[in-house]
Structures are given as C-alpha cells and as structure tokens.
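The values are calculated or read from the model by the stated rules, or taken from the named source; none is laboratory data. None of these values were measured; they are calculated from a predicted model. Don't worry about glycine lacking a Cβ; one is built from the backbone with ideal geometry, like all the others, and counts go over all protein chains shown. These area figures cover heavy atoms from the full protein model, side chains too; ligands, DNA and RNA do not enter into them. Shrake-Rupley method; radii C 1.70, N 1.55, O 1.52, S 1.80 Å.
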Amino acid sequence: MNYNHIVIRYAELALKGKNRSTFERRLQENIKIALKSFPNVKIERTFGRMFIQLNGEDHTQIADKLSKIFGIHSFSLAVKVENDLDKIREGALRAVHEILEGKKTFKVSAKRANKGFPISSSTLNYEVGSFILRNTEQLKVDVHNPDIEVKVEVRETDTYITCAVYKGSGGLPVGTGGKVVLMLSGGIDSPVAGYLAMKRGVKIEAIHFHSPPYTNERAKQKVIDLTKVLTEYGGKIRLHVVPFTKTQMEIHKVIPANYTMTIMRRMMLRISEEIASRQKAFAIANGESLGQVASQTLHSMHTINEVTNMPIIRPLVTMDKLEVIDVAKKIGTYDLSILPYEDCCTIFLPPETKTKPQREKANKFEEKLNIEALVNEAVENIEVIDIIPGKKVEEQFDELL
C-alpha cells in the first residue's frame with residue numbers, strides 16, 4: 001500500500017469567517033471519536049485542510065467512517081513526500097500505480113500553497129507528467145477528460161499527492177448547531193429527519209413514545225436499532241422512551257374519535273417540550289411532510305403547534321415519500337423501518353381523522369383531560385438509554401451501573 005495519508009476537504013466551513021476555527025475543531029473532534037478504534041492514526045489540522053496519518057491502519061475501513069461524518073465535503077487517499085522534485089515525481093508514480101488497472105489516460109494538476117517552493121505549478125505539471133509517461137506503458141495524457149487526475153499539492157513542509165476524490169456527506173459538523181430532540185416513531189420518515197437535522201450540525205436526542213402492552217418490546221428494540229444506525233452519522237445519541245399508555249387510554253376514553261390523533265400529537269409535543277427543556281435543547285424535530293397524512297395538513301400543524309412555543313424543525317416538509325425512501329435506503333434505516341412492529345400512533349388510529357381540526361375545539365375537548373398530571377407522569381417515568389456507536393446496548397447498561 002503506497003498511500004500513507006488521507007486528505008480531508010471541507011467546503012461550507014470555509015464560509016464561516018471568524019467562526020471557522022470553531023467548526024474545524026469540532027470536525028476534528030468528531031473524526032477523532034469516529035476513528036477511535038484505529039489507535040495508530042494521527043489527525044492534523046491546517047488552514048483549509050485536515051490530514052490523517054494512517055500509520056498502517058486499514059484505509060478502506062477508515063474511508064467508510066469518513067464518508068458518514070458531516071462537515072466533510074470530500075477526501076482522498078494520499079502519498080505524502082518531502083518538498084523535493086525527485087520525491088514528488090516518485091510519489092506521484094506510486095500513487096498512480098495504486099489505481100492504474102484499466103485506466104488509459106491521465107493529467108497532472110499541481111498547486112503550490114507554498115509559494116516559496118522554487119518550481120512553478122506549470123513546470124511541476126510537466127515534470128511529474130513526463131515522469132509518469134516514461135514509467136508506465138498504457139497511459140496517455142488527456143487534459144480534458146482523464147481517467148486519472150494526479151493532484152499535487154505543495155504545502156509548507158510537505159507535498160501531498162492524490163489520484164482519486166471520494167465524496168463526503170457535506171453539511172456541518174454535528175455539535176456546531178446546538179441540540180434538538182427528535183420525535184422518533186420507528187417509521188420511515190423520522191430517522192431520515194434525524195439524519196437531515198444532524199447534517200445541519202445539530203446534536204440530537206431521540207424521544208420514542210411507547211405504549212405497552214399495545215406496543216411490544218420488539219417495537220422498542222426496532223427504535224433502538226434505528227438509533228444505532230443514526231449514531232454512525234452523529235455519534236452518541238440519548239434515547240428517551242416515554243411511557244404513553246395512560247395518556248393514550250385517557251384520550252381514547254374522553255376525546256371524540258376524529259380528534260384523538262390531533263390531541264395525541266398535542267400531548268406528544270407537550271411532553272417533548274418538557275424533555276427538551278430539561279435537556280437544554282432548542283427545538284423539536286420530527287418526520288412530518290406537508291399533506292402526507294391527516295395530521296400533517298397545514299390546518300393540523302396549526303392546531304397541534306398551538307401547545308408549544310418551541311421551534312418545530314421539519315426537514316422532510318417538502319419531500320414526497322419516494323424521496324424519503326431513497327434517503328432511508330442510502331443511510332441504512334429503510335429495512336429496519338419497514339419491520340412490521342406497530343408504534344403507538346398506529347395502534348390507536350381512529351377510523352376517521354380530522355384533516356382541518358380547529359384550535360377552539362381542540363382546547364374544549366382537552367378540558368376533559370388532566371394535562372399537567374399526564375405530562376408529569378410520562379416525563380417522570382421515562383426510560384433513558386444512551387446509544388453509543390459500536391457498542392451493544394447491554395454493554396452500555398453495564399457502564400452506567
């Protein structure tokens with residue numbers, strides 16, 4: 001293996017002005033946490049770039065981890081050499097040989113971040129390109145559409161040579177945008193909403209409403225497994241499992257059937273707001289998409305949102321179901337989401353749900369409920385599970401004891 005480094009690039013972070021270093025430090029910390037199972041790697045941060053020294057670690061496994069870290073625009077396997085023309089030429093040839101199979105054309109793109117280096121970029125292009133031509137048989141130069149682009153970046157003390165660019169997840173580093181609580185149902189939508197929220201830099205804590213015995217332990221395990229998948233993109237996630245049976249039974253008992261879903265969602269928001277306040281979160285995120293179901297019409301959102309002043313983030317609000325499914329498959333949550341274990345929303349689903357509920361009627365119907373007592377009881381009996389990437393839940397409980 002000729003590659004000894006990985007070069008990490010970030011795009012959106014470059015727009016952060018005076019706050020840029022804060023974003024870069026958070027990204028470096030997130031990378032360090034994601035790569036903790038590779039003890040020999042070393043991470044170096046310079047202006048506009050980050051470099052990972054592999055020190056013999058498996059670059060394919062590391063590349064897979066990096067592809068899931070928000071804040072990375074792209075990355076490349078690299079050969080690092082001294083700022084010496086002979087070493088640069090030899091390093092470029094080694095890098096080319098790593099991906100030579102089946103390739104026919106190439107070009108060299110040299111760039112001098114170190115303007116004190118005595119050889120110009122155009123001369124470097126010629127010197128490196130001619131050296132590669134002399135030492136390979138099948139390659140020809142194509143400056144317009146090459147199979148291989150050999151990038152030579154001369155920096156202050158060393159030169160980095162790359163031949164392939166891998167796409168990152170983009171977005172902002174998780175932890176730079178504050179904290180939100182995610183209403184995680186176990187369906188297709190809410191895990192995707194969590195993923196997209198994390199892409200904008202927020203740290204999430206998940207809330208799941210569990211109604212035993214109407215929802216069983218497999219439904220709860222499904223949500224734990226979905227949370228595990230999300231930790232691959234955002235690190236440790238705290239899952240709050242809310243006992244919701246009593247609240248749902250009270251709603252079912254005293255609220256007209258066509259308003260039960262509206263009132264249930266209002267109660268969920270009240271409980272989520274209380275959890276968010278206790279966990280110092282600034283918003284509530286959910287998987288609602290405009291017009292997808294009866295509780296997601298503008299009329300319903302207007303009536304349901306009345307019970308909280310906390311911002312509601314809806315990353316999927318303009319997406320259709322097929323778009324959401326595509327993202328779910330991409331991030332690895334889809335197969336879990338379609339497992340046939342019902343959540344609390346589907347168990348008590350009424351035969352008809354009001355698509356244009358009115359605030360006045362919702363408030364009148366809620367007079368039959370002891371709202372404060374129901375919220376307090378649910379919040380005080382929450383089960384908290386910290387989901388840590390790469391660890392079984394049983395192991396995490398052992399650490400907490």
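Brief remarks follow.
- Here the accessible area is traced with a 1.4 Å probe on the protein chains. For the chain, carbon and sulfur cover 50 percent of it.
- Which of Met261, Leu226, Val307, positive extreme of dipole for segment 179-387 (C-beta unit charges): Val307
- Taking every alpha-carbon pair under 8 Å whose residues sit at least 6 apart, segment 5-167 reaches a relative contact order of 26 percent.
- Straight-line cross-link partners of Lys104 among the aspartates and glutamates, defined as a Cα under 14 Å from its Cα and at least 8 positions apart when in the same chain: Glu137, Asp142, Asp147, Glu149.
- Between the helical axis of 20-34 and the longest alpha-carbon principal axis of the chain there is an angle of about 80 degrees.
- Segment 141-189: GluC sites (Glu not before Pro) falling in loop per DSSP and having at most 11 other Cβ within 10 Å: Glu156
- Entry note: segment 179-387 has Rg to Rh equal to 0.93, where both radii use alpha-carbon atoms and Rh is the Kirkwood radius.
- Recomputing volume of the Cα convex hull per residue in Å³ from the coordinates shown identifies the correct label among [x] 238; [y] 162; [z] 122 as [y].
- Expressed to the nearest 5 percent, the antiparallel share of DSSP beta bridges inside the chain is 55 percent.
- Of all beta bridges that DSSP places with both ends in segment 5-167, some 75 percent have antiparallel geometry.
- Under a 5 Å amide H cut-off, with hydrogens placed 1.01 Å from N, Arg238 pairs with Ala206, Ile387 among residues at least 5 apart or on other chains.
- Unit Cα scatterers, Debye sum, segment 90-183: log10 I(q)/I(0) for q = 0.13, 0.14, 0.15, 0.19 Å⁻¹: -0.53, -0.59, -0.64, -0.88
- For segment 1-75, the extents of the C-alpha atoms along the principal axes are 38, 22, 18 Å, listed from largest to smallest.
- Filtered trypsin sites (Lys or Arg not before Pro), segment 61-151: DSSP coil and at most 12 other beta carbons within 10 Å: Lys104, Lys115
- In a reduced charge model with +1 at each Lys and Arg Cβ and -1 at each Asp and Glu Cβ, the chain shows a dipole moment near 1060 debye about its Cα centre.
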